[in-house]
1. Can you tell me which residue in the stretch A:1-44 is farthest from the other protein chains (Cβ to nearest Cβ), limited to those that are of a type in the set (D, E, K, R) and surrounded by fewer than 22 Cβ atoms within 10 Å (Cβ to Cβ)?
2. Is it the case, given these coordinates, that B:E16 is part of a loop (DSSP other than H, G, I, E, B), at pLDDT below 85 and within 30 Å of B:N106 (Cβ to Cβ)?
3. For the stretch A:3-19, which positions are in contact (Cβ under 8 Å) with a residue 40 or more places away in the chain and more than 14 Å from the chain's Cα centre (by Cα)?
4. Collect the residues in the stretch B:121-142 that are in a helix (DSSP H, G or I) and either within 9 Å of another protein chain (Cβ to nearest Cβ) or in contact with a Cys (Cβ under 8 Å, 6 or more places away or on another chain) (or both), keeping them in residue-number order.
5. Among B:D109, B:D124, which is surrounded by fewer than 19 Cβ atoms within 10 Å (Cβ to Cβ), free of Cβ contacts under 8 Å to residues at least 24 places away in the same chain, more than 20 Å from A:L63 (Cα to Cα) and in contact with a helix residue (DSSP H, G or I) (Cβ under 8 Å, 6 or more places away or on another chain)?
6. Take B:T66 and tell me if it is within 13 Å of B:L155 (Cα to Cα) and hydroxyl-bearing (S, T, Y).
7. All but one of (1) modelled with pLDDT of 90 or more; (2) more than 9 Å from every other protein chain (Cβ to nearest Cβ) hold for B:K118, so report the exception by its number.
Amino acid sequence: MDPKANIVWNLLYASSQGNYLLSFDYAVTLAHITGNNVVKNRLESLRNGVEIKPGVKVPFVYLVHQYSRMRDDNLKSKVKIYSKGRTKMKVSVGDILEGIRYVNRVVLISCFEVMEQEKINVDIGELFKKDPERASI
Amino acid sequence: MVEENIKNDNSIGTNEKSNDLGAKITDDITISSTVIDTLIDEALWAHRERSYFDMFDCVLALWYMTKDLNYKNTERDTIGKRINSMILYINTTDFNNKEVSIPAYNIMDAVSMHDVSKGKDIVDVFDSSGNLIHMQIYKLYEVYNYIGRILLISLFEILRDCNIVLPPEIYAARYANV
């Protein structure tokens, strides 16, 4: 398996496991390794801030961090969050989750875009074989 | 603001190829693969576990072990300087949006000491001059993630440039235990 396919393999696996920080890292790595500046800039902009409500941009890592904290606190329905510009405001768990899932979608779309452009082949079946539950689907 | 600026020039490294390194190398050489395979495996595992202390060591060791291989796209020194400079400082901003520089190990230490259950939003970190500064927790994690991302990019640059190919089983074996 060549390094690019390795990155894709790890990205897809992390995404399927809900490990979005990890899949994001692999997406950035894929963009760097293939020299795809469009994807690189797109991900960089998400890292700086995801718009979870009109006018409210929150850095991706902070979103994930807040989400895990909310889960630790027995799923508080609302949480105070700093947006870009450090305005403190209350947002719901749904807003945060939607932001995270949005990033995941962008990561996956970017991944498949790069795969097509670079003609990277990854055996998706092989990927799911490692996960018995998915393999049985 | 953390700068993600990976320098990637087209300088060509040496053309020497060593056959005493444990890696499977495309082109025409296939050699035994103990050391390099293990380092890559450990580095990827450390990244997955977000244990960047360990990942730092593995990527630096890999960089050193591949010193005799041909770096095609990225100058070997560029990768080394990038990783080593993180040990000295990473530029970011503190709680008051003032620019500060913090060594990577201080960031990693602050993350390992941080108790999520206490729910503190602000943490204390030592900067590169030894002064205690205050950082928002999300900023701390952002810089921490930055370290992991840069290490991951550097790792794959080494793999790409040196044509190091690993069997997929090296990952599958790890994931099977998750």
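The values are calculated or read from the model by the stated rules, or taken from the named source; none is laboratory data. Remember, predicted model here, so these are calculated numbers, not experimental data. Note that each Cβ is placed from the backbone with ideal geometry, even for glycine, and that neighbours are counted across all protein chains shown.
1. A:R42
2. It is false that B:E16 is part of a loop (DSSP other than H, G, I, E, B), at pLDDT below 85 and within 30 Å of B:N106 (Cβ to Cβ).
3. A:K4, A:A5, A:W9
4. Correct list: B:I137, B:Y138, B:K139, B:Y141, B:E142.
5. B:D124
6. For B:T66, the condition - within 13 Å of B:L155 (Cα to Cα) and hydroxyl-bearing (S, T, Y) - is met.
7. In the conditions (1) modelled with pLDDT of 90 or more; (2) more than 9 Å from every other protein chain (Cβ to nearest Cβ), B:K118 misses (1) alone.
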